[in-house]
Amino acid sequence: MLKTGLLAVALATLCFGQAKKPLDIYFMDMEGGHSTLYVSPSGQSMLIDTGSPGDRDVDRIVAVLEAAGVKQIDYMVLSHYHGDHVGGLEALAKRIPIKHYVDHGASVEPREQVAGFQKMYADLYEKAPRTIAKPGDKIPVAGLDITVVTSANQVIKKPMAGAPGAGKPNAACADFQPRDEARVDPDNPQSVGLVIANGKFRTINLADFTWNSEKDLMCPNNPIGTVDVYLTSHHGIDQSGSPALVHGLRPRVAIMHNGTRKGGAASTYSALHTSPGLEDIWQLHWSWTGGLENNPAGVFIANLDDKETIANVIQNPPTPMQFGTGGRGPGAPGAPPAATTATAAAGMGRGPGRGGHTGPAFWIKVSAQADGSFTVTNTRNGFTKSYGAK
Ligand SMILES: [Zn+2]
């Protein structure tokens, strides 16, 4: 009798899919760098990028891998070769097995941001398979549908099969304003960009893909369709995140992997705040440039700045960033008090060490079901919000 009862419960669970595990996504705080972990319902894992060199970011990644119960990285995607994305790879490869590498091919920049990286990477992929991604390729993580949509500054053209809105004209292209990208580091638009789907749930990660290339991807027709969760391209700095991209994708939730003083550009917030259907912005960090006007309520922010800095910025808001300053520098008039400005200036520029904090950090976790519903959790305060299936 008991056996029959248990069997009935097991069958019911199978039939109605109640036991189906979600896709779990861990957006990690790399202080304005990038690393995001995707764990499939099958248990297979994909990590995109490894943060900056040094122990801080790798320790944070390992802490998340442990929390997620991940024992090996099945697919390691290197979006491009900048220090804030691949800096942690060498150290990480010593701490967890990596089974497969994916990248966009050779770097287009002769100067390496992480000295000796290419040689070290070649040694790694001699021991594990390596795939050079092309738009339209699939990354075969069991239980997920992962499509390469950008790589080596090439974009997917064919509308994605079964994707809502894919192949339709993108109304947000009409107002597209091209930008002078002479100062943009050329490896950024080379970024491997992915759409990751678990059934009806869809999320996009374009790494540091840039503004003018977003037009190539999204105009005049949108090959991707709509997504549920959008990782703000390029940390939310003003070299990416055009309305043509964001409004075309129509995300319900945006997650910004900004640092305290990197990202959070006025143009990024503007595109998000005017995006039809956007329900919430979550951030890995409180944003110095976002100030009082643009930072979301604290429950949506995983890591805060110290109280004095927040108080100073609220009382003496910095001038909004303009394109050309790279979204990194403080405006001159209305700048915060001297101590804050000095700290901020020391934390700007490229590469690691943009200020922020050391030691462990909180992350944002998304759990997504195949029916399209998902929850987002801030591990700092335990705040969770559910977004129902549509
Ligand atoms: Zn970056």
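Restricting to the range 29-46, and then to whatever is among the hydroxyl-bearing types (Ser, Thr, Tyr) and in a strand (DSSP E or B), can you tell me which residue is nearest to the ligand (Cβ to nearest atom)? Give the derivation first.
Residues of the range 29-46 among the hydroxyl-bearing types (Ser, Thr, Tyr): 35-36, 38, 40, 42, 45.
If we keep only those that are in a strand (DSSP E or B) too, we end up with 36, 38, 45.
Values: Thr36: 12, Tyr38: 18, Ser45: 22 Å.
Applying the filter and picking the extreme gives Thr36.
Exactly one condition in (1) more than 16 Å from the ligand (Cβ to nearest atom); (2) within 22 Å of Pro186 (Cβ to Cβ) is false for Val108; which is it?
Result: Val108 passes all but (1).
Can you give me the number of residues within the range 254-302 that are among the polar types (S, T, N, Q), within 21 Å of Ile25 (Cα to Cα) and out of contact with any Ser or Thr (no Cβ under 8 Å at 6 or more places or on another chain)?
To start, the set of residues in the range 254-302 that are among the polar types (S, T, N, Q) comprises 258, 260, 267-268, 270, 274-275, 283, 287, 289, 294-295.
Cutting the leftovers down to within 21 Å of Ile25 (Cα to Cα) gives us 258, 283.
In the following step, the residues that additionally are out of contact with any Ser or Thr (no Cβ under 8 Å at 6 or more places or on another chain) were identified as 283.
Residues flagged as among the polar types (S, T, N, Q), within 21 Å of Ile25 (Cα to Cα) and out of contact with any Ser or Thr (no Cβ under 8 Å at 6 or more places or on another chain) within the range 254-302 amount to 1.
Can you find a residue in the range 49-58 that is crowded, with 24+ Cβ neighbours inside 10 Å, small (Gly, Ala, Ser) and more than 14 Å from the chain's Cα centre (by Cα)?
Within the range 49-58, one or more residues are crowded, with 24+ Cβ neighbours inside 10 Å, small (Gly, Ala, Ser) and more than 14 Å from the chain's Cα centre (by Cα).
Output the number of the condition that Gly143 fails; it satisfies all remaining conditions of (1) within 15 Å of the ligand (Cβ to nearest atom); (2) part of a loop (DSSP other than H, G, I, E, B); (3) in contact with a Pro (Cβ under 7 Å, 6 or more places away or on another chain).
(1)
Could you check how many residues of the range 48-81 are more than 15 Å from Glu31 (Cα to Cα) and either in contact with a helix residue (DSSP H, G or I) (Cβ under 7 Å, 6 or more places away or on another chain) or not in a loop (DSSP other than H, G, I, E, B) (or both)?
Going residue by residue through the range 48-81, those that are more than 15 Å from Glu31 (Cα to Cα) are 48, 62-81.
Imposing the further condition that a residue be either in contact with a helix residue (DSSP H, G or I) (Cβ under 7 Å, 6 or more places away or on another chain) or not in a loop (DSSP other than H, G, I, E, B) (or both) reduces the set to 48, 62-68, 73, 75-81.
The qualifying residues number 16.
Go through the range 376-390 and count every residue that is assigned to a strand (DSSP E or B) and surrounded by 15 or more Cβ atoms within 10 Å (Cβ to Cβ). Let's see the steps before the verdict.
Of the residues in the range 376-390, the ones assigned to a strand (DSSP E or B) are 376-378, 384-387.
Filter again for surrounded by 15 or more Cβ atoms within 10 Å (Cβ to Cβ), leaving 376-378, 385, 387.
Here the count works out to 5.
Looking at Glu109, is it out of contact with any Leu (no Cβ under 8 Å at 6 or more places or on another chain), of a type in the set (D, E, K, R) and touching a residue at least 40 places away in the same chain (Cβ under 8 Å)? If you could, list the steps in order and put the result at the bottom.
On the way: out of contact with any Leu (no Cβ under 8 Å at 6 or more places or on another chain): yes; of a type in the set (D, E, K, R): yes; touching a residue at least 40 places away in the same chain (Cβ under 8 Å): yes.
Criteria met by Glu109.
Is it true that some residue in the range 68-79 is more than 16 Å from the ligand (Cβ to nearest atom), touching a residue at least 40 places away in the same chain (Cβ under 8 Å) and more than 17 Å from the chain's Cα centre (by Cα)?
So the first thing to find is which residues in the range 68-79 are more than 16 Å from the ligand (Cβ to nearest atom), and the list is 68-76.
From what's left, touching a residue at least 40 places away in the same chain (Cβ under 8 Å): 68, 74-75.
Those left that are additionally more than 17 Å from the chain's Cα centre (by Cα): 68, 74.
Scanning the range 68-79, I find at least one residue that is more than 16 Å from the ligand (Cβ to nearest atom), touching a residue at least 40 places away in the same chain (Cβ under 8 Å) and more than 17 Å from the chain's Cα centre (by Cα), so the answer is yes.
Which residue pairs have Cβ atoms closer than 6 Å, lie 6 or more positions apart in sequence or on different chains, and pair a first residue in the range 279-302 that is in a strand (DSSP E or B) with a second residue that is modelled with pLDDT under 95?
From the range 279-302, the pairs are Ile301/Trp286.
Per-residue answers, yes or no, for (1) within 16 Å of the ligand (Cβ to nearest atom); (2) of a type in the set (Val, Ile, Thr):
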site	(1), (2)
Val184	yes, yes
Asn188	yes, no
Asn222	no, no
His257	yes, no
Arg261	yes, no
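Taking the condition of being surrounded by fewer than 16 Cβ atoms within 10 Å (Cβ to Cβ) and of a type in the set (A, V, I, L, M), how many residues in the range 125-146 meet it?
The qualifying residues number 3.
Considering only the range 242-255, I want to know if a residue exists there that is modelled with pLDDT of 95 or more and within 13 Å of the ligand (Cβ to nearest atom). Lay out the reasoning, then the answer.
Just the residues of the range 242-255 that are modelled with pLDDT of 95 or more, to begin with: 242-255.
Adding the requirement that they be within 13 Å of the ligand (Cβ to nearest atom) leaves none.
Within the range 242-255, not a single residue is modelled with pLDDT of 95 or more and within 13 Å of the ligand (Cβ to nearest atom).
Within the range 82-94, is even one residue assigned to a helix (DSSP H, G or I), among the β-branched types (Val, Ile, Thr) and in contact with a helix residue (DSSP H, G or I) (Cβ under 7 Å, 6 or more places away or on another chain)? Step through it out loud before you land on a result.
From the range 82-94, those assigned to a helix (DSSP H, G or I) are 83-86, 89-93; that's our starting set.
If we keep only those that are among the β-branched types (Val, Ile, Thr) too, we end up with 86.
If we keep only those that are in contact with a helix residue (DSSP H, G or I) (Cβ under 7 Å, 6 or more places away or on another chain) too, we end up with 86.
Yes, some residue in the range 82-94 is assigned to a helix (DSSP H, G or I), among the β-branched types (Val, Ile, Thr) and in contact with a helix residue (DSSP H, G or I) (Cβ under 7 Å, 6 or more places away or on another chain).
Since Gly54 meets every condition but one in (1) at negative phi; (2) within 16 Å of the ligand (Cβ to nearest atom), which condition does it not meet?
Only one criterion in (1) at negative phi; (2) within 16 Å of the ligand (Cβ to nearest atom) is unmet by Gly54, namely (1).
The values are calculated or read from the model by the stated rules, or taken from the named source; none is laboratory data. Treat the numbers as computed from the prediction; the structure is a model and nothing was measured. A quick note on method: Cβ atoms are made from the backbone with ideal geometry, for glycine too, and the neighbour counts reach across all protein chains shown.
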